[in-house]
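A short worksheet on the structure shown next.
A short reminder: the numbers here are calculations on the coordinates, not readings from a lab. Treat the numbers as computed from the prediction; the structure is a model and nothing was measured. All Cβ positions, glycine included, derive from the backbone under ideal geometry; neighbour counts span all protein chains shown.
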Amino acid sequence: MSEKIYTHGRFVWRELLTTDDEGAKGFYGELFGWSFKGMDMPHGTTYWIAHVGDAHICGMMKKPDEAEVPSHWSAYVSVDDVDAAVARAKAKGGSSPMPIMDLDGVGRMGLVIDASGAITWAFKSVHGDTPMTEPPKPGRFCWESLAAKDLEQAKAFYTEVYGWKTSEFNGMTVFGVGEGMENQVADLMLAQEGMPAYWGSHVVVESAADARAKAKRLGGTILAEEIAVPGVGLISVVQDPQGAVISLFQPQM
């Protein structure tokens, strides 16, 4: 039996909680070319796993009626010890209002909310993780961004909770699991005035302009037409018809 590989501190899964799973499947399926397979969950719900070919891309499910939260994306960070990561988060001023959970055949996970309200999940898979060996292709997640209320507070929180290191790239603060661009996992920016702190995920597209046009045709809203990152690529920010926000990333060739 081969040894399980874990990539501590890297984002390994993304998940959409939505008010309309069928509507979301139609939107993202056409926008990114995802196909979906369902897994039966308790209480008659279905957990949808998006695929590109044979690759598992993300999860999606309809939010419970009693959950007073809007449609949103969240991301999972691989950790060696979920309980220890959650404890570190609480000690640094964060919170975890839900019990740590074990899902049979999946892994252990704990909700991590920083002091400004931005959400991630600490996660340890029972299967190990699959390290990224090549740049992500269209339809796959590639990067995360944190819009924070307090940059120094965010740096202190996440370097402690997930063991990330901070560095500067193109005038931005970035989080990484080690030195070098290949170990960078997310960027950090100041949240716009009046906006909440949040984590945003990015999906690779061949053409940001074409993807924006498709998103609008499918009922989405364009929140940011085009943000140029010199030497890296173009970003467009889209809100789906149910209200969840995601970013489109066109790499610079």
Quiz prompt | Percentage relative contact order, segment 141-251, counting C-alpha pairs under 8 Å, at least six apart | solution = 24
Self-check item: the chain, dipole about Cα centre (Lys/Arg Cβ +1, Asp/Glu Cβ -1), debye to the nearest 20
Solution: 120
Quiz item: Of all GluC sites (Glu not before Pro) in segment 201-253, which ones are in loop regions per DSSP and have a Cβ with at most 16 other Cβ atoms within 10 Å?
Solution: Glu206
Quiz prompt | From phi via Karplus (6.51, -1.76, 1.60), per-residue ³J(HN,Hα) for segment 93-100 in Hz, x at Gly/Pro | solution = x, x, 9, 8, x, 10, x, 4
Quiz prompt | Lys pairs under 17 Å by Cα in segment 20-159, provided they are eight or more residues apart or on distinct chains | solution = 7
Quiz item: Highest GNM mean-square fluctuation, the chain, Cα pairs closer than 10 Å: which of Ala186, Ala75, Ala84?
Solution: Ala84
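State the three equivalent ellipsoid semi-axes of segment 121-201, derived from the C-alpha gyration tensor as the square roots of 5 times its eigenvalues, in descending order and whole Å. The partial results should precede the final answer.
Working: eigenvalues 101, 45, 42 Å².
Taking √(5λ) for each Cα gyration eigenvalue gives 22, 15, 14 Å.
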Practice problem: Springs between alpha-carbon atoms under 10 Å, Gaussian network over the chain: tell me which of Glu182, Glu193, Glu22 tops the mean-square fluctuations. | Solution: Glu193
Quiz item: What percent do you get for the relative contact order of segment 11-125 when only Cα pairs under 8 Å and 6+ apart count?
Solution: 24
Practice problem: Using only alpha carbon pairs under 8 Å that are at least six residues apart, calculate the relative contact order of the chain and give it in whole percent. | Solution: 19
Self-check item: Among Pro64, His8, Trp199 - extreme Cα towards positive end, dipole of the chain, charges at beta-carbon
Solution: Trp199
Quiz item: Under unit Cβ charges (Lys, Arg +1; Asp, Glu -1), what dipole magnitude, rounded to 20 debye, does segment 11-125 have relative to its Cα centre?
Solution: 360
Quiz item: Using only helices, what value at 222 nm comes out for the chain when you add -39,500 (n - 2.57) per DSSP H run of length 4 or more and divide by the total residues, to the nearest 500 deg cm²/dmol?
Solution: -5000 deg cm²/dmol
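If you count the DSSP beta bridges with both ends in the chain, what percent of them are antiparallel, to the nearest 5? Please report the intermediate quantities before stating the final value.
Details: 56 of 71 bridges.
Antiparallel bridges make up about 80 percent of those DSSP assigns within the chain.
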Quiz item: In nm, to one decimal, how far is the Ile100 label point from the Met195 one, both placed 7 Å along Cα→Cβ?
Solution: 3.4
Practice problem: Using only the alpha carbons, work out the radius of gyration and Dmax of segment 11-125 in angstrom. | Solution: 14.8, 43
Quiz item: Considering the alpha-carbon set of segment 141-251 alone, what are its Rg and its Dmax in angstrom?
Solution: 14.6, 43
Quiz item: Among Tyr47, Tyr76, Tyr28, what is the fewest-to-most ranking by other Cβ atoms within 10 Å?
Solution: Tyr47, Tyr76, Tyr28
Self-check item: Sequence of Met181, Met109, Met61 once ranked by neighbouring C-beta atoms within 10 Å, starting from the fewest
Solution: Met181, Met61, Met109
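About the Cα centre of segment 144-253, what is the dipole size in debye to 20, counting +1 per Lys and Arg Cβ and -1 per Asp and Glu Cβ, all else neutral?
Working: 7 positive and 14 negative charges, 74 e Å.
Value, rounded to 20: 360 debye.
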